[in-house]
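Heads up, the thing below is written out as structure tokens.
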Amino acid sequence: MARVILFNKPFGVLSQFTDKGNADTPRATLSDFIDVPGVYPAGRLDRDSEGLLVLTDDGRLQARIASPKFKRPKTYLVQVEGTPATDQLEALRKGVTLKDGPTRPARCVAIDPPDLWPRIPPVRFRKTVPDAWLEMTITEGRNRQVRRMCAHVGLPCLRLVRWSVGDWTLDGIAPGKWREA
């Protein structure tokens, strides 16, 4: 039976177990939080993103989770700068064309601010610029895709939290903690 670990990756942590080439300025890695031999991340989350990272010891499962060809939905809670207009949300729902080609359509809705843990460091706050939250579900997983899609429609991303991958969610997992699926 495959071992599956659900980890709530904090902001600033690399989605890998080692940080080669940065001996002068070591950065936090998965090994600072997870001491389980033989598991590896199925996909990645950027250092400046937070949330659900799935790890497994099963290479085939790892490929099915990470590969866009399996269209596994990944849902993100996205704090954006600005107030989303209907046409911006509709563009995300239809898919946008980025430098590396068109994206698949995303499920995208404006939501009330979610009840999340405080981010360390906090997101910058500007009195004169409103912000809003979106819930976005994509079935790809290109490099920085959600951030690039939001920027493409004029909604720069301030905070990005992956809430779920398929049926697995962050529900009940504090930042820096993990549990078996």
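The values are calculated or read from the model by the stated rules, or taken from the named source; none is laboratory data. None of the values given here were measured: they were computed from a predicted structure. Ideal geometry is used to build each Cβ from the backbone, glycine not excepted, and the neighbour counts take in all protein chains shown. To get the accessible areas, we keep the full protein, side chains included, count just its heavy atoms, and leave off ligands, DNA and RNA. Shrake-Rupley method; radii C 1.70, N 1.55, O 1.52, S 1.80 Å.
I'd like the carbon and sulfur percentage of the solvent accessible area for the chain, probe radius 1.4 Å, heavy atoms only, ligands and nucleic acids excluded.
Carbon and sulfur together cover 52 percent of it.
Convert each backbone phi in region 130-137 into a coupling constant with the Karplus relation 6.51 cos²θ - 1.76 cosθ + 1.60 (shift: θ = phi - 60°), then list the ³J(HN,Hα) values in order as whole Hz, x for Gly and Pro.
Coupling constants for region 130-137: x, 10, 8, 10, 10, 10, 10, 10 Hz.
Could you give each residue of region 114-129 its phi-based ³J(HN,Hα) in whole Hz, using Karplus coefficients 6.51, -1.76, 1.60 with θ = phi - 60°, and x for Gly or Pro?
In residue order, the calculated couplings are x, 8, 10, 5, x, 8, 10, x, x, 5, 4, 10, 10, 4, 8, 10 Hz.
Quick one: 3J(HN,Hα) in Hz for region 26-36, Karplus 6.51/-1.76/1.60 with θ = phi - 60°, rounded, Gly and Pro as x.
Residue by residue, region 26-36 yields x, 10, 5, 10, 4, 5, 6, 10, 10, 10, 10 Hz.
Scan [x] 1.38; [y] 1.04; [z] 1.09 for the value of Cα Rg over 2.2 N^0.38 Å calculated from this model and give just the label.
[y]
Among Ile120, Cys108, Ala132, whose Cα sits farthest toward the positive end of the charge dipole of the chain (+1 at Cβ of Lys/Arg, -1 at Cβ of Asp/Glu, about the Cα centre)?
Cys108
What's the FRET efficiency of Thr139 with Asp24 using the Cβ-Cβ distance as r and R₀ = 45 Å, to the nearest 0.05?
With a Förster radius of 45 Å, E is 0.70.
Compute the accessible area per residue over the chain, keeping the other protein chains in place, probe 1.4 Å, unit Å².
54
Given Cβ point charges of +1 (Lys, Arg) and -1 (Asp, Glu) and nothing else, what value in debye, to the nearest 20, does the dipole of the chain about its Cα centre take?
Once rounded to the nearest 20, the dipole reads 520 debye.
List the lysines whose Cα sits under 30 Å from the Cα of Lys99, skipping any in the same chain fewer than 8 residues away.
Filter leaves Lys9, Lys20, Lys69, Lys71, Lys74.
Give the long-range amide H neighbours of Leu158: residues separated by 5 or more places, or on another chain, with amide H under 5 Å away, using H modelled in the peptide plane at 1.01 Å from N.
Gln79, Val80, Glu81
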